[in-house]
Amino acid sequence: MYIQNSNILSVNTDIIVNSAHPSLIAGSGISGIIHRAAGPELERYAKPLGPLNPGEAVITPALNLNAKYIIHTICPRYMDGQRGEAEQLASAYSSALAYFKQTSDAKSIAFVSMGTGVYKWPLELAAEIAVRELMKSEFDETVICVMDEQTRDAYRTAKTLMVGN
């Protein structure tokens, strides 16, 4: 698992993972950015596959992106940590990683720091859950794309703690 300070759209992987709106429409944040870059066809592919529940994932072609596929997964909103949110966030990562067996032409996958924006996840907790799940990846290359030093540090710390255990 690699931590890379980059925009997910500029990373060179076969699959990018979209932290999607449950209805699989463009939405705001990274989902909207990915939809705009992929083109209007993406919503036509994705929307009939929804709605999804937190932790679930579906796959579509990447269309105008450098990747081959987009996996759309649903993160739960963080409320208080007492409503199964951690299990649902872990499932969002593991559901995306499960596509390894269905995409024999894909050897690499990239994620963003899911849930840490509008879904209000505490960064350190989200990083710990992400790293724990991403360390299980069967892909040849698994990348987490971060956009700032604080986020990169949180993921590095989580990875160091995980590898040390």
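Read-outs throughout are calculated quantities, based only on the coordinates presented, and are distinct from any laboratory measurement. As the structure is a computational prediction, the values presented were derived from the model and not from experiment. Ideal geometry is used to build each Cβ from the backbone, glycine not excepted, and the neighbour counts take in all protein chains shown.
Data overview
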item	result
Qualifying trypsin sites (Lys or Arg not before Pro) for the range 1-87 [loop in DSSP, other Cβ within 10 Å: at most 12]	ARG83
For the range 98-115, Karplus couplings with θ = phi - 60° (6.51, -1.76, 1.60), whole Hz, Gly/Pro x	5, 5, 3, 6, 9, 10, 5, 8, 10, 10, 9, 9, 10, 10, 9, 6, 5, x
Cα-based reach from LYS101 at 29 Å (exclusive), listing lysines while leaving out same-chain residues under 8 positions away	LYS47, LYS68, LYS136, LYS159
The chain: antiparallel DSSP beta bridges as a percent of all, rounded to 5	25
Gained length - ARG156 relative to ARG77, 0.36 nm times residue gap less alpha-carbon distance	26.1 nm
Correct option for Rg/Rh (Cα atoms, Kirkwood Rh) [calculated from the coordinates] among (1) 0.93; (2) 1.08; (3) 1.02	(1)
